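This report concerns only the one structure given below.
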Amino acid sequence: MELWSRWEKNYYISAIAGANNGSSLVVMSKGTQYLQQSYKVSDSFPFKWINKKWREGFYVTAMATAGSRWAIVYVAWCSIF
């Protein structure tokens, strides 16, 4: 099932993992209260992009590699802290 359909049902990405062969695992949880959550997939570590998002008030909540690709999950606000 696609991430978008789970987001519409109030599920959020709570963990991600990747393997050297390029496969990945996404764990989604219901009940976590994020104002906004999104992710970025990149062929290299997105250092400049992460710094830009930090300046905009976003927080990185998970990151993983799958093969040579990076996945970064970020939120605009989180009520679990």
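The values are calculated or read from the model by the stated rules, or taken from the named source; none is laboratory data. In this text, all values refer to a predicted model and were calculated from it rather than measured experimentally. A quick note on method: Cβ atoms are made from the backbone with ideal geometry, for glycine too, and the neighbour counts reach across all protein chains shown.
Rundown of residues vs (1) surrounded by 10 or more Cβ atoms within 10 Å (Cβ to Cβ); (2) in contact with a strand residue (DSSP E or B) (Cβ under 6 Å, 6 or more places away or on another chain); (3) part of a strand (DSSP E or B); (4) of a type outside the set (A, V, I, L, M, F, W, C), yes/no style:
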{"residue": "A15", "(1), (2), (3), (4)": "yes, yes, yes, no"}
{"residue": "N21", "(1), (2), (3), (4)": "no, no, no, yes"}
{"residue": "V27", "(1), (2), (3), (4)": "yes, yes, yes, no"}
{"residue": "W54", "(1), (2), (3), (4)": "yes, no, no, no"}
{"residue": "A71", "(1), (2), (3), (4)": "yes, yes, yes, no"}
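Residues in the stretch 1-18 that are hydrophobic (A, V, I, L, M, F, W, C) and within 15 Å of M63 (Cβ to Cβ): I13, A15, I16, A17.
The residues in the stretch 19-48 that are free of Cβ contacts under 8 Å to residues at least 24 places away in the same chain and either within 12 Å of M63 (Cβ to Cβ) or among the basic types (K, R) (or both) can be counted, and the count is 3.
Annotation: of all residues in the stretch 29-52 being modelled with pLDDT under 90 and surrounded by 14 or more Cβ atoms within 10 Å (Cβ to Cβ), the one that is nearest to V75 (Cα to Cα) is Q37. Could you give me the residue pairs with C-beta distances under 7 Å whose first residue belongs to the stretch 54-81 and is of a type in the set (K, R), whose second residue is at pLDDT 90 or above wherever it lies, and which are 6+ apart or on separate chains? Close Cβ pairs (under 7 Å, with a partner that is at pLDDT 90 or above) amount to R69/V41; R69/S42; R69/D43.
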